[in-house]
Structure formats: structure tokens, C-alpha cells
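Structure first, then comments.
The values are calculated or read from the model by the stated rules, or taken from the named source; none is laboratory data. Since the model is a prediction, treat every value here as computed from it, not as a measurement. As a convention, Cβ positions derive from the backbone with ideal geometry for all residues, glycine included, and neighbour counts pool all protein chains shown.
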Amino acid sequence: MATQHARAAARLMNAPAVFVLLVWMLIPLCMTVYFSFTDYRPLRGVFDCCVGFQNYERFVSSSSFLSSVATTLIMVGGILAITVIGGVLLALLLDQPIWGQGIVRILVIAPFFVMPTVSALVWKNMFMNPVNGLFAYLWKFFGATPIDWLSELPLFSIIWIVSWQWLPFATLILLTAVQSLSSEQLEASEMDGAGALSRFYYIILPHLGRAITVVILIQTIFLLSIFAEIFVTTNGAFGTRTLTYLVYQRVLESQNIGLGSAGGILAVILANIVAIFLMRIVGKNLDN
Amino acid sequence: MTCTLRALLGATALCAVGSVAAAETLTIATVNNGDMIRMQGYTDDFTEKTGHEVEWVTLEENVLRQRVTTDISTKGGQFDLMTIGMYETPIWGKQGWLVPLDDLSAEYDTGDLLPAMAGGLSVDGTLYAAPFYGESSMVMYRKDLMEAAGMEMPEAPTWDDIKAAAEAMTDKDNEVYGICLRGKAGWGENMAFLTAMSNSFGARWFDEDWNPQFDTEAWKETLTFYLDLMNNYGPPGAANNGFNENLALFQQGKCGMWIDATVAASFVTNPDDSTVADQVGFALAPDTGKGPRGNWLWAWALGIPAGTQKEDAAKQFIEWATSKDYIEMVAEKEGWANVPPGARKSLYENPEYQKVPFADMTLKSIETANPNQPTVDPVPYIGVQFAAIPEFAGFATQVGQEFSAALAGQQSADDALAKAQDLVNEEMEAAGYK
């Protein structure tokens, strides 16, 4: 049991670290909030402090705003679905005693170490390219017309590329959860005559609940800011412009810092809404 | 402290002050492409000649643009010299953010700069940045395919010639596509090509009152022709192809023609990388007989931010880096094919350089582009494949996305143009042009 004294001392010692972390987070955030209320367009030499909510109004009322929010949500949802379902299946598979298990596990994790830009370039040029890509070759081999993935199915293609990157993460976390399941329970249910499906549904899945929650929460936080994959493959065309990408376009391409900052703050607010929403629904799992 | 020691210390301090005044340390922001990296290797030569030291800040194009823009607009003073393009120079020069380069020495010979380059880097006749190297665009084509089709590429083709050649060379079963052009969205990707192309069709971005012109017949003709050409004779997936993707396709022998940057010539004729190196011919970018040709103009140049303390030293660096002597030094050490091209007339008069296979066509292409009068009808902006106004990069990328979607077959040319017209109009109103 910590005494009052020790607790106070601990707080004192923690203070510098907490302070640094807060400053680290708060300064950029405060500056973004500040810029979002200015008319700041450096290429024009315009800096006009305090223009009220003008930037916010313009950002929200622009025709690209709603579609970019929708694109973001579809993308995040799609990737979550693929990685969670794929992750559960792969985790179950990798849990089986097989020859060369260690190497297989390392191979499965490998995509996680590839940089997003690199993986996007590899997928774009080596797999999805309709002239030189591997898929085009396969399609032609079976006598079909190759699909031009990135312009015919742009959203699906990007979801696929990002899922490929995040699947190892989901698999890894879910695999540890699967391994922590006691085999006695499974054996007992098997003796009672439960089939493989009911064992999965009634025992394994509830046991994985908490791990799945963690995967969904962590991935959502990262996935809301997908950027590199879009930048490399479609440059935001064909309806693949997410909210992050729109902010990038406003700040860097239009050189309108005020408007872009307003967009950035809106993105932060929306991300928080999504996070609270998720915490409410799936976060309950964590309490039990 | 003894008197002697004090005197010594004083003298040392004086010396230090004296040497600071004579020799500066210049901080130079630059872009990470081959010619610039090569220049960094020769920094010692500059230090030897002038006594000034140089600190390099080498950045990727987008990051460079962001950093120097922030620095110059906030008067941050981080850099004494900046590498900027033909897009930024007229905008910044007009705002008085750059030191005018109207007093360079006689031996530097400003008159030797190619007029197109000097024009694109000037405002009202005053030079604001010195070109380090420059480029235009031109047609690169496969001589063997043209011969097999029984055709000959004129030195100055029309768009109809290009279409006929593309049709003759296309052999989709063997994965040979008549023409590869940029389709990837972006102001420096498909819009650079399409804007230059539109000039030759008599189209323009704005009329003299800054009204967007996408509702004109000339733009409709441009986009329809482009889509028709690409859909019939282009490679599949062209809507995702930028410079690099097309370069790869051409080097693999999958393109009959490619209209793109003149710097690409050295890559497609390099036998180490290109399977068609000995079969590449060059021609001027096409036209429709209305005057301008469909080629662009770009330069990477060195400019001095206004208000710098080291103006003289910075000017000395510009005179060193963009001089005839520098070109000769590189040629002597690394061969003529590796000198920075496209900036000086004298380079193209040099018999040694004339032996480089694409030198002649590069010069002719650069000379046919006029950044001060890029279109058939008059325009209020400087720039061939862009309009040098601060808002351009932003809305041109969005227009590029619409055109790219049209190329991918997701919407018609009419829809793309109507959307472009609306969104540019909105941006121009917001920016206060109307």
C-alpha cells in the first residue's frame, strides 16, 4: 500500500514526463486550432487573424467534404472487416501444430514491416497493373480481359492493399488470444458432442472478444489517417479521397493553411466521435 | 591577464570578425534530383574560388516546396538561396519576396540564357531566379514500329499525324500500344500534359478577366481528342499512369509513342535500362496549326529571398552554379551527357554537346514554348502548362481528378468539363479574382 507521501512523491516524479507529453500534444493541436480561425495563405502573402468560423463553413459546405467522410468510413469499415475476419481465421490456422510453424509465423507477420509507400507501389506496379501486373497475367492465362483494378475498383483495391498490411497485426494479437484458451474446455465440449462450428461460435469467439476489441480500436485510430496508399496509387482520384487526403490537398496543394487546419480539426472531432462510438459498443467487452 | 595575452585575444577576435565579414556560410535549399546532387559534389570548387562555405538542405520536391514557401512567406530567413521552379518564381517575384537578379556580372552573360527560360523566370522583364537546368516536352517514338507501318514521323507533327501513327502502331494482342500519355491526377501529372496540349487546340485556362474557360469548344475538343486517343490506342489503366509508369512501359517496348519531358530522352536511349534504346526517334510536340505546340516548359532555378544578409555571397553562388564554367567543369569530369541541360544557348552551340542525340530536339522544343504568351488567345497569366497564380496547384489537381475519372470511363468528357468549370469558378471567386 502506498502512503500519502509516496503517492505525492510519485506524482511529483511523474510530473515532468506528463508535462512534456502534454506540451508535445497540445502545442501542435493549439496551433492548428489557432490557424483554423485565420485566413492564412502563404503563397499569396495573406495572413489575417481571426476570421471566425469562415474556414469551417467553407470546408463543410464544399462539395468534397461529405463524400470524403463517406469514403473514409467505407475504407476503415472495409479494412476492419477483412482484417478481423481474416485475422481470426489465420490465427486458428497458425495455432494448429504444423511443420515449420516458426517460419510460417514469421512470413505471415512480414507485411507489417513493409513501409506503406513501398507496399502500395509494389501492389500497384507488380500486381494490379493491367499491362505488367501478375493479376493481368493470370486473367489473360484463363482467357479473361484483365481488370484495371485501380480505376475500375479503386476503393476495393486500396482497402485490399491496406488490409494486406494490417492483417499480420490482427493475426498476431488474435493468435496470442487463441493460444491462451485452455484446451480442456474445448476437449470437454468435444466430448459433449459439440461440432467444430459450435465450438468456434460458443467458446473460441467469446474468448477472442477482448482481443478483437483491441484490434478494432487500435486499427481504427491508425486507419482514419490512411494517406500513403492513396497518394501513391490514385492521387485521390476516382472517389478515393479520404478526409485526411482532402486536408492534405487544402494545406499543401492549395496552400490554404487556414482552410486545411479547419479540416484537420474537423477530422480530429470526427475521429473522436468514431472512437467514443466504438468504445460504447465494443469497449464494453473490455470492462468484463 | 597579461597585456600580451589581452592583445593576442583582441587580435584573434578582430581576425574572427574580419573573416566572418569576408567568408559567409550559405544555407541552400534544393531538390533531390540528379543534377542538383551532382552540384553538391562540386561545392569545394565554389569554396575554393570565393571562400564561402555552403550548407545544403536537400529535400524531396513536395517537401522542398512546402519548406521554402513557409520560410519565405513568414520571412523566416532559414535559407540564403532557394531552389524554386518556374511556377513559384513569377508569383514570388511579383510579391517582392525575391531579390531581382538584374546586376549579375558581365562575364556571367545573362544574354546567353535561353529566352524561354529567362521569360518564365521573370516578371515584367526582370529576372528573379537563374535557371540551373530546364526542360520541355517532346514526342519520343519507336522508329522500327513506324518503319514497319510504312510511315514516317515528321519533325513537327500535327495531332492528326500522331493519331494516324498511333493507330498504325497499335497491336494490342502483342501488348504494343500506339501512344502512352499521362493520366494520373495531379497538377504536375496529367494537368501539365493536358494544359500544354490544350494550348495547341486554342484553349486556355482563363480569359483576360479570369473567367474559367472549360465551357469552351476548344477545351471540349482537347479533352475529347485526348480521351479518344487514349481509349483506342493507349495502354489499359492509363488513368493511373504518371511519368514513371509511362517511362517503364516505353522502356519495355510497349509504347509506340510517348509525349513527355525532354529529360526522359536520356533514360529511354540508355541501353542499360531500355530495351528499345537504339530505336527511339524524337519529334516536336504536336500542334493543330493554330500557333502554339503542345509542349511545356519547366526550369529548376536558384533564387535569393529578399531581406537576406548574405545577398552578395548568394549572388556569387548563383553566378558559379549557373555559369558556362560550371557546365564545362561537369562536362570535363563526367561527360557532356551529364551536364545540366536547357538553360544556356552556348551549350547548344557547343559541337561536343550537339553529338548528344536528343540535344537538338530539346532545344527546339524549349524554343517553341513561350511562357508569356502560351495560348492562341491572350491570357492574364505566365506559364505554359500552368497559370502562375498561387491557387493554381490546388484547383488544377482537382480538375486533374475529374479528367482522370473521365479517362477511367467513370464520367463523360462533358461531365468532367462542367465539374471543372464549376470548381475553378468557385475557387477563383473565393480567392477574390472576381
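In region A:157-172, the residues that are under 20 Å from A:R241 (Cβ atoms) and touching a residue at least 40 places away in the same chain (Cβ under 8 Å) reach residues that are outside any helix (DSSP H, G or I) and hydroxyl-bearing (S, T, Y) with C-beta atoms within less than 6 angstrom, at least six apart or across chains, in these pairs: A:I158/A:T240. Within region B:72-82, the set of residues being buried (at least 17 other Cβ atoms within 10 Å of the Cβ), within 11 Å of chain A (Cβ to nearest Cβ) and either of a type in the set (F, W, Y) or in contact (Cβ under 8 Å) with a residue 40 or more places away in the chain (or both) comprises B:I72 only.
Go over the candidates A:V122, A:V118, A:V131 one by one and state the one that is touching a helix residue (DSSP H, G or I) at 6+ places or on another chain (Cβ under 8 Å) and not aromatic (F, W, Y). If you could, list the steps in order and put the result at the bottom.
Numbers: A:V122 fails: touching a helix residue (DSSP H, G or I) at 6+ places or on another chain (Cβ under 8 Å); A:V118 fails: touching a helix residue (DSSP H, G or I) at 6+ places or on another chain (Cβ under 8 Å).
The unique qualifying residue is A:V131.
Of B:G307, B:G291, all but one fail to be over 24 Å from B:T362 (Cβ atoms) and modelled with pLDDT under 95; the exception is B:G307.
Condition test on B:P371, is it in contact (Cβ under 8 Å) with a residue 24 or more places away in the chain, closer than 23 Å to B:A29 by Cα and not in a helix (DSSP H, G or I)?
Details: in contact (Cβ under 8 Å) with a residue 24 or more places away in the chain: yes; closer than 23 Å to B:A29 by Cα: no; not in a helix (DSSP H, G or I): yes.
Considered against the rule, which asks whether it is in contact (Cβ under 8 Å) with a residue 24 or more places away in the chain, closer than 23 Å to B:A29 by Cα and not in a helix (DSSP H, G or I), B:P371 comes out as no.
Evaluating B:D377 against the criteria (1) charged (D, E, K, R); (2) touching a helix residue (DSSP H, G or I) at 6+ places or on another chain (Cβ under 7 Å); (3) more than 10 Å from chain A (Cβ to nearest Cβ); (4) within 27 Å of B:K290 (Cα to Cα) leaves one unmet condition, (2). For residues that are more than 14 Å from chain A (Cβ to nearest Cβ) and either assigned to a strand (DSSP E or B) or surrounded by fewer than 19 Cβ atoms within 10 Å (Cβ to Cβ) (or both), scanning just region B:51-69, find the one that is nearest to the chain's Cα centre (by Cα). That would be B:T58.
Select, from B:D260, B:D207, the only residue that is more than 14 Å from chain A (Cβ to nearest Cβ), under 21 Å from B:M361 (Cα atoms) and in contact (Cβ under 8 Å) with a residue 60 or more places away in the chain.
Details: B:D207 fails: under 21 Å from B:M361 (Cα atoms).
Selected residue: B:D260, the only one of B:D260, B:D207 that is more than 14 Å from chain A (Cβ to nearest Cβ), under 21 Å from B:M361 (Cα atoms) and in contact (Cβ under 8 Å) with a residue 60 or more places away in the chain.
Residues in region B:95-121 that are over 24 Å from B:D325 (Cβ atoms) and surrounded by fewer than 16 Cβ atoms within 10 Å (Cβ to Cβ): 1 in all. One residue stands out among those in region A:41-64 that are more than 13 Å from every other protein chain (Cβ to nearest Cβ) and surrounded by 13 or more Cβ atoms within 10 Å (Cβ to Cβ): the one that is farthest from A:I159 (Cα to Cα), which is A:Y56. If only residues of region B:43-71 that are in contact (Cβ under 8 Å) with a residue 12 or more places away in the chain and of a type in the set (V, I, T) are counted, the one that is farthest from B:A29 (Cα to Cα) is B:T50.
Yes/no per residue for (1) of a type in the set (A, V, I, L, M, F, W, C); (2) in a helix (DSSP H, G or I); (3) without any contact (Cβ under 8 Å) to a residue 60 or more places away in the chain:
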site: A:A70; (1), (2), (3): yes, yes, yes
site: A:I79; (1), (2), (3): yes, yes, no
site: A:I85; (1), (2), (3): yes, yes, yes
site: A:L90; (1), (2), (3): yes, yes, no
site: A:I106; (1), (2), (3): yes, yes, yes
site: A:P111; (1), (2), (3): no, yes, yes
site: A:N125; (1), (2), (3): no, yes, yes
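Please verify whether region A:154-173 includes one or more residues that are modelled with pLDDT under 90, crowded, with 23+ Cβ neighbours inside 10 Å and out of contact with any strand residue (DSSP E or B) (no Cβ under 7 Å at 6 or more places or on another chain). Walk me through how you get there before you give the answer.
Within region A:154-173, the first condition is being modelled with pLDDT under 90, and the residues that meet it are none.
There is no residue in region A:154-173 that is modelled with pLDDT under 90, crowded, with 23+ Cβ neighbours inside 10 Å and out of contact with any strand residue (DSSP E or B) (no Cβ under 7 Å at 6 or more places or on another chain).
Report, by residue number, each residue of region B:403-422 that is within 8 Å of another protein chain (Cβ to nearest Cβ) and either under 24 Å from the mean Cα position of the chain (by Cα) or of a type outside the set (A, V, I, L, M) (or both). Hits for region B:403-422 are B:S404, B:G409, B:Q410. For B:K75, the conditions (1) out of contact with any helix residue (DSSP H, G or I) (no Cβ under 8 Å at 6 or more places or on another chain); (2) in a helix (DSSP H, G or I) are fulfilled apart from (2).
How many residues does region B:247-285 hold that are part of a loop (DSSP other than H, G, I, E, B) and either hydroxyl-bearing (S, T, Y) or surrounded by 24 or more Cβ atoms within 10 Å (Cβ to Cβ) (or both)?
Quick first cut of region B:247-285, residues part of a loop (DSSP other than H, G, I, E, B) only: B:252-254, B:262-263, B:269-276, B:285.
Now narrow it down to the ones that are either hydroxyl-bearing (S, T, Y) or surrounded by 24 or more Cβ atoms within 10 Å (Cβ to Cβ) (or both): B:262, B:269, B:274-275, B:285.
Counting residues in region B:247-285 that are part of a loop (DSSP other than H, G, I, E, B) and either hydroxyl-bearing (S, T, Y) or surrounded by 24 or more Cβ atoms within 10 Å (Cβ to Cβ) (or both) gives 5.
Region B:94-199 holds helices (runs of 4 or more DSSP H) entirely within its bounds, and those carrying 3 or more residues that are over 22 Å from B:M36 (Cα atoms) map to B:143-148, B:159-169.
In region A:177-185 there is at least one residue matching the filter, namely being under 24 Å from A:G77 (Cβ atoms) and away from chain B (no Cβ under 14 Å). The helices (runs of 4 or more DSSP H) falling completely within region A:226-284 that include 1 or more residues that are of a type outside the set (G, A, S) and more than 14 Å from chain B (Cβ to nearest Cβ) map to A:243-248, A:257-281.
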